[in-house]
Amino acid sequence: MPTTVTVIRDGGIRARGHRDGDAVVYDWGFTWRGADHEQRSFVLLDTGFQINQPVIFPEQQRGWWYCDLVQVVDDGHTVYVEDHWIDVIVGPPDHPYRVLDLDEYADAIAAGDLDAVTGMDGLRRTQMFLDRHLNRRHDTRRDSWPDFPPRAIAALAGLPVTPQWKLLDK
């Protein structure tokens with residue numbers, strides 16, 4: 001049974017969310033190109049990835065997923081997520097996933113925005129996410145991903161969209 005939590009996204013949004021095991025869902029909103037949008041995001045607490053199906057993706061990419069490496073701090077009632085540059089775009093199973101922004105991640109380490117320990121942890125968590133959910137190893141099937149969307153979000157995905165969020169002063 002999902003429990004209610006608060007999610008703080010990048011220090012700028014506070015949203016009501018729900019936790020089920022190692023996954024959290026929350027609904028939030030933003031303005032893009034002069035239009036307001038509502039977005040649902042899931043946080044995978046075990047790997048520290050946040051995933052969603054962007055409402056602003058072009059029509060030919062509707063249903064695709066955008067996955068962000070995030071730093072997660074979980075105090076039980078509040079889950080803090082902070083974007084950590086590395087992204088993965090996941091389309092249909094017969095289409096290769098794409099890893100983005102490794103250069104920005106390296107730049108953050110070089111600039112001192114991420115220390116070496118945090119940087120290594122992020123790379124390990126990215127590999128864990130890819131191995132658990134997307135990498136097929138020796139499987140030649142191309143009609144499904146090993147575990148994507150992750151089974152961990154199944155119960156949360158069925159909850160009604162109920163955006164209860166607000167912008168925070170940074």
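The values are calculated or read from the model by the stated rules, or taken from the named source; none is laboratory data. Please read all numbers here as calculations on a predicted model, not as lab measurements. Glycine gets a Cβ as well: all are built from the backbone with ideal geometry, and neighbour counts include every protein chain shown. Heavy atoms of the whole protein, side chains included, go into the accessibility calculation; ligands, DNA and RNA do not. Shrake-Rupley method; radii C 1.70, N 1.55, O 1.52, S 1.80 Å.
Remarks
- VAL81 passes every criterion in (1) open to solvent by 50 Å² or more (accessible area, probe 1.4 Å); (2) in contact with a Lys or Arg (Cβ under 9 Å, 6 or more places away or on another chain); (3) hydrophobic (A, V, I, L, M, F, W, C); (4) outside any loop (DSSP other than H, G, I, E, B) apart from (1).
- Top-ranked residue of segment 25-45 - restricted to ones that are of a type in the set (Val, Ile, Thr) and more than 19 Å from ASP87 (Cβ to Cβ), ranked as least open to solvent (accessible area, probe 1.4 Å): VAL25
- For beta carbons closer than 6 Å, sequence separation of 6+ or different chains, a first residue in segment 87-102 that is without any contact (Cβ under 8 Å) to a residue 12 or more places away in the chain and a second that is in a strand (DSSP E or B), the qualifying pairs are ARG98/ILE89.
- Segment 46-60 - residue that is open to solvent by 10 Å² or more (accessible area, probe 1.4 Å) and among the aliphatic types (A, V, I, L, M) and, of those, farthest from ALA157 (Cα to Cα): ILE56
- Selection within segment 18-40 - in contact with an Asp or Glu (Cβ under 8 Å, 6 or more places away or on another chain) and of a type outside the set (A, V, I, L, M, F, W, C): ASP22, ASP27, GLY29, GLU38, GLN39, ARG40
- Condition check for ASP147: under 25 Å from GLN61 (Cβ atoms), open to solvent by less than 60 Å² (accessible area, probe 1.4 Å) and either at pLDDT below 95 or assigned to a loop (DSSP other than H, G, I, E, B) (or both): yes
- Taking the listed residues GLY11, GLY63, GLY17, the one that is crowded, with 16+ Cβ neighbours inside 10 Å and either part of a strand (DSSP E or B) or out of contact with any helix residue (DSSP H, G or I) (no Cβ under 9 Å at 6 or more places or on another chain) (or both) is GLY17, with no other qualifying.
- Residues that are of a type in the set (Val, Ile, Thr) and under 18 Å from VAL55 (Cα atoms) within segment 7-30 comprise ILE13, VAL25, listed in sequence order.
Yes/no per residue for (1) touching a strand residue (DSSP E or B) at 6+ places or on another chain (Cβ under 7 Å); (2) over 17 Å from LEU44 (Cβ atoms):
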position	(1), (2)
VAL79	yes, no
ILE89	yes, no
LEU100	yes, yes
ALA116	no, yes
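- Only one of PRO163, PRO93 that is farther than 27 Å from VAL5 by Cβ and either open to solvent by less than 90 Å² (accessible area, probe 1.4 Å) or at pLDDT 95 or above (or both): PRO93
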